[in-house]
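The values are calculated or read from the model by the stated rules, or taken from the named source; none is laboratory data. Just so we're clear, the structure is a prediction, and the values are computed from it rather than from any experiment. A quick note on method: Cβ atoms are made from the backbone with ideal geometry, for glycine too, and the neighbour counts reach across all protein chains shown. Note: areas computed on protein heavy atoms with side chains; ligands, DNA, RNA excluded. Shrake-Rupley method; radii C 1.70, N 1.55, O 1.52, S 1.80 Å.
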Amino acid sequence: MIVMGAFVLSRVLGLAREIIISNYFGTSADLGAYLAAFRIPDIIFQVVAGGALASAFIPTFSTLLAHDDEVGGWKLVSAIVNWLLIVLTSLALLGILFAPQLVKYVVAPGFDAGQQRLTAELMRYMLVSTVIFGLSGVVMGILNSYQHFLLPALAPAIYNLAIIASALLFAQRFGVRSLAIGVIAGAILHLIIQMPKLLGVGLKYTPLYLGPHNSSVREVGWLMLPRALGLGVVQINFLVNTILASHLGANTLTALNYAWLLMLLPQGIFAQGIATAAFPTFSRLIAQRKHDDMRSTLSATIRAILYISIPASVGLVILRVPLIQLLFQRGAFDFQSTEAVAAALQFYALGLFAHASVEITTRAFYAMHDTATPVAIGVAAMGANIILSLLLVHPMNYPGLALANSLATIGEMLALIYIVRKRLGGLGGKAMWVSISRMLVAAACMAAIVWVLRDGLATYGIIIQLGGSIAVAAFTYVLISAALGSTEIRTLWGWTKQRAASSRSR
């Protein structure tokens, strides 16, 4: 709940960031250049230092802590930090040197010459932040392993605040370059805010130590390899979408980006919050060989996240237009921009529940020190995504890219749950399907009511239309699901009370 609260703050600030950006830049070509400039830095960060490192580092570091080997743990930290500095700095320098060529031939071949030059310039700024984020990611993993979640969860909020401040202060003077300034400042603050707690847990850093013969360092390396491959494929998928979108019009990439961010808003609050908090617990249960507890905890967590994400998927589809109008339609963002974003959001929203479930299920595999299985499934899913994107982009234009993503992610979710169920000897299959059936019935009833209510409230203004629809949707869903006997409400409420009691006892 602490992590979810911080994620809510971060997502609210992220939403405020996008509102401010949309007011200044709408769905302009300059904003498209800014978004395209992230592609190469994101590939470097994700493959080397992002999810790949976290999925390998946290289980290994948590195991050392569980066996009271803090000395070995800090040796591992030192080696990882030093390797990151070497690899990330080298790749960032190469990216800075060859930025124009990367943009012209890899990232956005469909952009005109001026947009390509701007993209290359912005990419150079982003590459600087990649090195800083790599170090900050290690710090987050350390603090999460020590069961400290607040400052790591607040770090993204500080990052968003930096971009907001930079846009407000410098957008009219420096244009879209003000956002790049905010990214660098935000990366620095993302790291700094976590340092007090890192020092508090007893940081012991050894400069120049690489530990090539350290078994824990080698374990992290081997665990990272398949995850890095999987994330590389994911980033290639994003890159393919960027390339395709660059040929479909100046506002296409920005429309897809806004739709993607709106879909990620509930996913980030609930799924990432729960997954971040659950991952160290999963790792500890596996390290202590408490497989029954692991099975029941994972089953309850999946059901709880589906209980939240299924109605959120439905709500985003039905209320997408008033939501976009309320959040973004002002300044340079006109009704044509709203329609462009809504066209993509309806298809991204169909996969929201699948994205949320994948967040949870992959953590179970990582806790079992198995990065290969979810990576193999992820590679297959992203391959399907690319194929579907190529098939759907011509008949559907850019909304086909959103639909391809949702279909591929649903397939990935089903495969992960099937395999983890076999691995753990079940996930309470009958109870799981009964729970999902109740959720679907409640969500269908909610959808029917909100569909009618949405049009009836339209004459009272966007705020009343959207706020009233959401309130009625939530009340209807909870009431009907409770009447059908859903247990997930009690599960979520029980977690809340348990956390509150734990906080009071401390």
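Let me spell out the model: positive unit charges on the Cβ of Lys and Arg, negative unit charges on the Cβ of Asp and Glu, origin at the Cα centre of segment 28-159. What dipole size does that give, in debye rounded to 20?
So the magnitude is around 320 debye.
How many angstrom lie between the Cα centre of segment 20-73 and the Cα centre of segment 330-407?
18
Mind listing the phi-derived Karplus ³J(HN,Hα) values for segment 237-244, rounded to whole Hz, using 6.51, -1.76 and 1.60 with θ = phi - 60°, and x for any glycine or proline?
4, 4, 5, 4, 4, 5, 4, 4
Across segment 330-341, in residue order, what do the Karplus-derived ³J(HN,Hα) couplings come to in whole Hz, using 6.51 cos²θ - 1.76 cosθ + 1.60 with θ = phi - 60° and x for Gly and Pro?
Result, rounded to whole Hz: 6, x, 6, 9, 9, 5, 4, 5, 4, 4, 5, 5.
Among 93, 31, 78, which residue has its Cα positioned farthest towards the positive end of the charge dipole of segment 1-97, with +1 placed on the Cβ of Lys and Arg, -1 on the Cβ of Asp and Glu, and the dipole taken about the Cα centre?
31
For the chain, what is the relative contact order in percent, using Cα pairs closer than 8 Å and at least 6 residues apart in sequence?
Relative CO of the chain lands at 21 percent.
Using a cut-off of 12 Å between alpha-carbon atoms, which aspartates and glutamates can reach residue 204, once sequence neighbours fewer than 8 places away in the same chain are excluded?
70
Leaving ligands, DNA and RNA out of it, report the carbon-plus-sulfur percent of the accessible area of segment 346-404 at a 1.4 Å probe.
Percent of accessible area from carbon and sulfur atoms in segment 346-404: 72.
Can you classify segment 1-121 as rounded, prolate or oblate using the Cα gyration tensor, where a ≥ b ≥ c are the square roots of its eigenvalues, rounded means a/c under 1.5, and otherwise it's prolate if a/b beats b/c and oblate if not?
oblate
Taking the Cα centre of each part, how many Å lie between segment 240-286 and segment 119-148?
Here the two parts' Cα centres lie 17 Å apart.
What does the charge count around residue 265 come to, taking other residues whose C-beta lies under 15 Å from its C-beta (Lys +1, Arg +1, Asp -1, Glu -1)?
+1
Relative contact order of segment 160-236: what whole-number percent is it, with Cα pairs under 8 angstrom and at least 6 residues apart?
Relative CO of segment 160-236 lands at 21 percent.
On the protein heavy atoms, probe 1.4 angstrom, tell me the percent of accessible surface of segment 227-330 carried by carbon and sulfur.
For segment 227-330, the apolar C and S fraction of the accessible surface comes to 62 percent.
From the list (i) 199; (ii) 147; (iii) 191, can you say which value of volume of the Cα convex hull per residue in Å³ was derived from the structure given?
Correct label, based on the coordinates given: (ii).
For segment 341-473, what relative contact order do you get, as a whole percent, if you take Cα pairs closer than 8 Å and at least 6 residues apart?
26
I need the peptides 20-30, 110-120, 451-461 ranked by packing, meaning the mean over residues of other C-beta atoms within 10 angstrom, with the highest value on top.
20-30, 110-120, 451-461
Taking θ = phi - 60°, what integer Hz values does the Karplus form 6.51 cos²θ - 1.76 cosθ + 1.60 yield along segment 93-106, in sequence order, with x for Gly and Pro?
Taking θ as phi minus 60°, the curve returns 5, 5, x, 4, 5, 10, 4, x, 5, 4, 5, 5, 10, 10 Hz for segment 93-106.
Just the number, please: carbon plus sulfur as a percent of the accessible area of segment 418-485, 1.4 Å probe, no ligands or DNA/RNA counted.
The nonpolar share, carbon plus sulfur, comes to 75 percent.
Under unit Cβ charges (Lys, Arg +1; Asp, Glu -1), what dipole magnitude, rounded to 20 debye, does the chain have relative to its Cα centre?
920
Which lysines, on any chain, are close to residue 290 with Cα under 16 Å apart, when same-chain ones fewer than 8 places away are left out?
none
With every protein chain kept in place and ligands, DNA and RNA left out, what is the accessible area per residue of the chain? Probe 1.4 Å, answer in Å².
41
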